[in-house]
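Beneath this line is the structure, given in structure tokens, with notes to follow.
The values are calculated or read from the model by the stated rules, or taken from the named source; none is laboratory data. The model shown is predicted, which means the values in this text are computed figures rather than measured ones. Ideal geometry is used to build each Cβ from the backbone, glycine not excepted, and the neighbour counts take in all protein chains shown. Side chains included, ligands, DNA and RNA excluded: accessible areas come from the protein's heavy atoms. Shrake-Rupley method; radii C 1.70, N 1.55, O 1.52, S 1.80 Å.
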Amino acid sequence: MASKIKLLIVDDEERFLKTLTQRLGLRDFDVTPANNGRLALDTAEKQKFDLALVDLKMPGMRGERVLELLKEKDPYIEVVILTGHGSIDSAVECTKLGCFGYLQKPCETDELLKVLKDAYQRRVKKKLRLDEDKMQKLLNLATGESPLGILRKLRELEDKG
Amino acid sequence: MKRRIEKKGRLVSPLVDKDRHGHAYFEQLRRKLRWQLLIVYLMPLLLLSAYFHFEYNATMREGVYNHLKSVAEHQRNTVDLFLRERVANLKSAFRSEWLTDPPDPETLFKNLQGLQEENKSFVDLGLFRPDGTLVAYAGPHTYLVGKDYSREAWFQQLSKQEREYFISDVYLGFRGKPHFIVAVRRSEGDRHWALRVSVDPEKFGRFVRSSYLFKDAEAFVVNRQGQRQTFSGEVIPAPEASQVPPKSPETEVTEVEVGGREHLRALAWLTEADWVLVVRVPAAKAYEPISHARLVLVGFLVLTLIVIISVVLRSTRRLVGKLESVDSAKEELRLQLFNAAKLASVGEMAAGVAHEINNPLAIVYEEASMMKDVMNPQFGQKVDLDDFRERLGAITDAALRGRSITGKLMAFARKHDPDPERTGINLLLDRVLEVKEQDFKISNIEVVRDYQDDLPGVMVNRNQMDQVLLNLLNNAKDAIDRTGRITVRTRREDDWVRTDIEDTGRGMTREVLEKIFLPFFTTKGVGKGTGLGLSISYGIVDSLGGRIEVKSAPGSGSTFSIFLPVSEEAQAAGDSDG
């Protein structure tokens with residue numbers, strides 16, 4: 001894997017956020033910390049992330065809302081929940097909102113890494129499938145179109161994707 | 001929309017035992033019940049017994065009277081018949097030839113014997129000439145022969161009167177012995193001969209007494225003056241005239257006192273003589289059946305009373321004993337429910353607290369793991385002691401944070417101490433708010449404290465009051481969907497300390513408001529609320545002599561107001577400890 005996995009961590013516990021950022025940084029992750037939901041969304045606005053690790057109970061925006069908005073912005077981002085207070089109800093809610101994993105604090109490093117890697121694989125697979133689709137559409141478009149027309153439609157596709 | 005929960009209203013929580021009674025109450029109840037039951041059971045019995053007793057008495061008395069009357073009449077008839085027969089005997093013995101040729105003593109004696117065969121009371125027989133001279137005589141007093149009886153009352157009366165016979169009262173006469181006579185007359189023109197028989201009153205008395213129908217009854221004959229005509233002895237008894245009423249054909253029965261004892265007396269007037277037959281019986285004897293019946297009745301009554309009283313005493317004791325044990329069992333159940341509800345609310349809180357504990361644990365885990373990472377050559381990091389020191393500091397901080405959270409939780413889970421103590425409500429509020437602080441923070445709830453600083457103390461059980469405040473704050477938090485504000489306000493209002501917990505949540509409809517204090521009523525989801533919090537809180541506040549009021553409307557939040565009485569000490573001292 002040439003480039004590092006881009007990961008956004010959202011948690012209101014500053015100390016936890018800082019240490020986890022350092023630790024995942026040691027393990028080939030390009031980690032960006034955010035200590036509240038609003039900051040996380042602003043950051044995601046500026047740059048694309050492969051994954052996000054989100055706490056649920058936070059002052060200000062709740063984790064569930066952060067998950068929802070991140071997914072809205074980028075359907076291919078995989079979000080893993082890491083919360084201090086897990087419950088079946090909240091796990092069901094988050095799954096409905098499209099989270100990939102639901103972990104409870106404190107979480108063992110191996111488990112966290114495994115879930116994050118699985119999440120990244122899914123993202124890669126989705127991306128690849130998307131690329132295949134794009135190629136197919138491109139081929140479909142190519143028949144009977146002028147080169148300029150093909151270029152224009154290609155840009156439209158990019159924008160949608 | 002505002003409504004007050006009346007202290008004695010229908011919304012009284014079943015978890016608060018307003019009817020919890022001490023032993024004295026049951027003692028009083030037992031007494032009351034006992035008296036009521038005794039009165040209800042005994043009154044009719046006593047009234048009926050009294051009624052039947054008097055009715056029976058009257059009937060029996062009448063029966064005794066009638067019996068005595070009939071005895072007296074029967075005896076009177078016997079005596080009358082006896083006298084009539086004697087008169088008839090005399091008449092038939094009185095031969096007409098005796099008027100010219102007086103009989104010799106022998107003949108007369110035979111006649112006397114004939115009479116004596118009929119009755120032993122006849123003493124002698126005599127024949128009197130019209131001038132009153134006794135010309136023939138049979139009997140013990142032969143010296144009477146030749147005596148002139150013309151001045152004797154009986155002789156004069158017999159000569160004068162229409163009736164051909166005469167029966168005299170007892171008198172002494174020539175012989176000087178008490179006797180009475182029966183005389184018949186035979187007339188030659190206006191010259192009247194008389195044949196007389198004298199009767200011994202003692203023997204006559206025996207005859208009169210001959211048929212007793214009452215034991216201890218006495219029967220005798222008195223004349224109009226009340227002199228006894230039947231007696232023994234040489235002296236005629238003094239008259240008892242006061243006791244003899246005027247002659248009447250009716251037999252009368254009266255109660256009289258004789259010799260200091262009550263007697264029943266029947267008086268029956270004879271037709272043959274101016275005499276009255278007296279039958280007398282001591283009242284005690286006459287009324288013996290009544291006394292006997294009364295004795296049986298009283299005995300039966302006493303027995304019944306004993307049975308009823310013992311049954312009533314026993315059953316009220318058992319009933320009230322059962323009530324008391326049920327009451328104490330109820331109290332025990334109430335306490336159990338109370339503790340269960342408290343544990344449930346602690347459980348609810350524990351779920352929130354888990355978050356607070358897991359966070360420091362996560363820090364401990366990450367810091368320790370980071371230190372391992374640094375020491376792991378794979379990552380190529382350099383060990384920096386300052387960095388390690390900082391991380392260890394973070395770990396100890398996290399451990400202390402965890403301890404303080406469990407400590408607070410334990411304070412709430414403690415079994416309640418039952419004695420109220422004087423406390424400032426602001427202190428209690430601060431303590432509970434401290435526990436909820438983090439919870440409110442992450443739930444985006446702003447807490448505004450609006451305390452009156454110089455509040456007087458209130459008498460509360462701290463632990464219970466913590467629970468009330470915690471319940472109300474939990475409810476306020478749950479009522480707020482995303483963000484909101486909880487205002488905690490304390491004020492003194494007259495003799496009350498008022499605590500408002502006001503939220504900016506979704507509020508309640510009238511329907512919900514009506515039910516919120518009922519146990520097991522909850523608007524929270526299944527498994528989230530027990531429906532006991534407000535019910536318990538209401539009970540606790542009520543038991544402290546206070547009340548809870550609610551003001552709420554859909555969409556504009558709710559305000560729960562707790563009113564607690566200012567503690568008497570504080571009231572007396574006029575001091576304050578907000």
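Of all the residues in region B:485-524, those that are under 23 Å from residue B:453 (Cβ atoms) and loosely packed, with under 15 Cβ neighbours inside 10 Å number 4.
When you look at residue B:292, is it at pLDDT below 90, part of a helix (DSSP H, G or I) and within 14 Å of chain A (Cβ to nearest Cβ), yes or no? For residue B:292, the condition - at pLDDT below 90, part of a helix (DSSP H, G or I) and within 14 Å of chain A (Cβ to nearest Cβ) - is not met. Here residue A:34 meets each of (1) crowded, with 17+ Cβ neighbours inside 10 Å; (2) touching a residue at least 12 places away in the same chain (Cβ under 8 Å); (3) within 14 Å of chain B (Cβ to nearest Cβ) with one exception, condition (3).
Against the definition (open to solvent by 70 Å² or more (accessible area, probe 1.4 Å) and under 27 Å from residue B:292 (Cα atoms)), how does residue B:66 come out, yes or no? Walk me through it before giving the result.
Values: open to solvent by 70 Å² or more (accessible area, probe 1.4 Å): yes; under 27 Å from residue B:292 (Cα atoms): yes.
The answer is yes for residue B:66.
Candidates A:116, A:70: the one that is more than 14 Å from chain B (Cβ to nearest Cβ), outside any loop (DSSP other than H, G, I, E, B) and within 26 Å of residue B:379 (Cβ to Cβ) is A:116.
Just one of (1) more than 28 Å from residue B:445 (Cα to Cα); (2) more than 9 Å from every other protein chain (Cβ to nearest Cβ); (3) surrounded by fewer than 22 Cβ atoms within 10 Å (Cβ to Cβ); (4) not hydroxyl-bearing (Ser, Thr, Tyr) fails for residue A:17. It is (1).
Of all the residues in region A:1-14, those that are within 17 Å of the chain's Cα centre (by Cα) and either closer than 25 Å to residue B:382 by Cβ or away from chain B (no Cβ under 11 Å) (or both) number 8.
If a residue has to be open to solvent by 70 Å² or more (accessible area, probe 1.4 Å), touching a helix residue (DSSP H, G or I) at 6+ places or on another chain (Cβ under 8 Å) and in contact (Cβ under 8 Å) with a residue 60 or more places away in the chain to count, how many in region B:87-134 make the cut? Total satisfying the criteria: 1.
Quick one: residue A:24 ticks every box in (1) under 14 Å from residue A:73 (Cα atoms); (2) of a type in the set (A, V, I, L, M); (3) within 14 Å of chain B (Cβ to nearest Cβ) except a single one, so which number is it? For residue A:24, the exception is condition (1).
If I filter region B:61-77 for residues that are assigned to a helix (DSSP H, G or I) and under 30 Å from residue B:320 (Cβ atoms), do I get at least one hit? No - not one qualifying residue is present in region B:61-77.
Going by the structure shown, is residue B:565 surrounded by 15 or more Cβ atoms within 10 Å (Cβ to Cβ), modelled with pLDDT of 85 or more, out of contact with any Lys or Arg (no Cβ under 8 Å at 6 or more places or on another chain) and not small (Gly, Ala, Ser)? Steps first, answer last, please.
Values: surrounded by 15 or more Cβ atoms within 10 Å (Cβ to Cβ): yes; modelled with pLDDT of 85 or more: yes; out of contact with any Lys or Arg (no Cβ under 8 Å at 6 or more places or on another chain): yes; not small (Gly, Ala, Ser): yes.
Here the answer is yes, as residue B:565 does meet what is asked.
The residue list B:446, B:421 contains one member that is away from every other protein chain (no Cβ under 14 Å) and free of Cβ contacts under 8 Å to residues at least 60 places away in the same chain, which is B:421. Using the structure shown, decide if residue B:294 is of a type in the set (Lys, Arg) and either open to solvent by 70 Å² or more (accessible area, probe 1.4 Å) or more than 49 Å from the chain's Cα centre (by Cα) (or both). For residue B:294, the condition - of a type in the set (Lys, Arg) and either open to solvent by 70 Å² or more (accessible area, probe 1.4 Å) or more than 49 Å from the chain's Cα centre (by Cα) (or both) - is met. Residues that are over 20 Å from residue A:105 (Cα atoms), assigned to a loop (DSSP other than H, G, I, E, B) and of a type in the set (D, E, K, R) were ranked within region A:37-64; the one that is farthest from the other protein chains (Cβ to nearest Cβ) is A:48.
Of the residues making up region B:361-386, those that are among the hydrophobic types (A, V, I, L, M, F, W, C), more than 18 Å from residue A:21 (Cβ to Cβ) and more than 9 Å from every other protein chain (Cβ to nearest Cβ) number 3. When region B:439-450 is filtered for residues that are in contact with a helix residue (DSSP H, G or I) (Cβ under 7 Å, 6 or more places away or on another chain) and either under 18 Å from residue B:467 (Cα atoms) or surrounded by 18 or more Cβ atoms within 10 Å (Cβ to Cβ) (or both), the ones remaining, listed by number, are B:439, B:440, B:443, B:445. All of (1) at pLDDT 90 or above; (2) within 13 Å of chain B (Cβ to nearest Cβ); (3) surrounded by fewer than 20 Cβ atoms within 10 Å (Cβ to Cβ) hold for residue A:97 with one exception: (2).
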